[in-house]
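Read through the structure below, which is laid out as structure tokens, and then see the notes.
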Amino acid sequence: MKSEESMIAGRIEKLRLCRMRHNKWRCLSTAALLFFILHSSLFTFTSCGEIENEYSSRRVYLRFDNSLHLDANLMAAMNPMSSNVFCRIWLSSIGKLSFQSNQGSTSTVTLTASEQQSSMILGINYESGIIVGYGFGGVFYCYDAVCPNCYDKKIERTLSMNTTGIATCPNCGHQYDMTNNGLSPQGGKLERYHATNSGQTGTLIVNNRYY
């Protein structure tokens, strides 16, 4: 009788131990799955955050058909073979759009009636405007022409540009490498906007409203 009871107790103990081991492995498997999901989500969020942080959230819009105006300064900046030619674009007066190349020349065009009716938003200050051009690796950049370091201090200063693609603030002295994502050795970077072009005599589109 006692031996039967001992056998039954032994079986019960084996079942209990088996369940404990099973639950342990199930918990470990669940923990591993949760870790994988969390790690994947964190990587995804970080990647998206990096992409979002690369561009400004400011509303900016310009659609300019250079086949109608053939502006030479803009043509040079929209040449993918030129990695250090940049062009500042701003509204110089009513119905007039000006273009300043970092190579030294400036030009102005008269906007068409339809262009004047479009809702142009040229960065922080329309009198400073935006800067477009190709950087290294064939990346087409569009930056705000106002120094972000000074703008954070409620001071608006238009950047100057040299022939190698370096933008300098006349107020604080910060320099920004326009060929390399607008980075500054003093820290920070230029505000960058989404922009595309369809060639030197094509259309420049800066559309930062829907991102």
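The values are calculated or read from the model by the stated rules, or taken from the named source; none is laboratory data. Here the structure is a predicted model, which is why all the values come from computation and not from measurement. All Cβ positions, even for glycine, are placed from backbone atoms using ideal geometry, and neighbour counts span all protein chains on display. Surface accessibility is based on the protein's heavy atoms, side chains included, excluding ligands, DNA and RNA. Shrake-Rupley method; radii C 1.70, N 1.55, O 1.52, S 1.80 Å.
Listing for the model above:
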quantity: Residue within segment 112-130 that is part of a strand (DSSP E or B), out of contact with any Pro (no Cβ under 9 Å at 6 or more places or on another chain), closer than 19 Å to Ala195 by Cα and open to solvent by less than 10 Å² (accessible area, probe 1.4 Å) present; calculated: yes
quantity: Filter pass, Ser56 being crowded, with 19+ Cβ neighbours inside 10 Å, modelled with pLDDT under 95 and among the hydroxyl-bearing types (Ser, Thr, Tyr); calculated: yes
quantity: Considering residues of segment 198-211 that are buried (at least 21 other Cβ atoms within 10 Å of the Cβ) and modelled with pLDDT of 95 or more only, the residue farthest from Ser67 (Cα to Cα); calculated: Val206
quantity: Residue match in segment 98-113 (condition: of a type in the set (Val, Ile, Thr), modelled with pLDDT of 90 or more and under 21 Å from Gly165 (Cβ atoms)); calculated: yes
quantity: Residue within segment 167-177 that is open to solvent by 70 Å² or more (accessible area, probe 1.4 Å), modelled with pLDDT of 95 or more and of a type in the set (S, T, N, Q) present; calculated: yes
quantity: So Thr164, is it among the β-branched types (Val, Ile, Thr) and either assigned to a loop (DSSP other than H, G, I, E, B) or without any contact (Cβ under 8 Å) to a residue 12 or more places away in the chain (or both); calculated: yes
quantity: Residue selected from segment 183-196 under the condition closer than 20 Å to Leu122 by Cα and in contact with a Pro (Cβ under 9 Å, 6 or more places away or on another chain), by the criterion surrounded by the most Cβ atoms within 10 Å (Cβ to Cβ); calculated: Leu190
quantity: Any hit, segment 148-155, residues being open to solvent by less than 50 Å² (accessible area, probe 1.4 Å), within 25 Å of Arg63 (Cα to Cα) and not polar (S, T, N, Q); calculated: yes
quantity: Segment 62-89 residues that are farther than 17 Å from Val109 by Cα and in contact (Cβ under 8 Å) with a residue 40 or more places away in the chain, paired with ones that are open to solvent by 60 Å² or more (accessible area, probe 1.4 Å) and aromatic (Phe, Trp, Tyr) (beta carbon under 8 Å, 6 or more apart); calculated: Ser83/Phe136
quantity: Filtered residue count, segment 90-105, keeping only those that are touching a residue at least 60 places away in the same chain (Cβ under 8 Å) and more than 24 Å from the chain's Cα centre (by Cα); calculated: 1
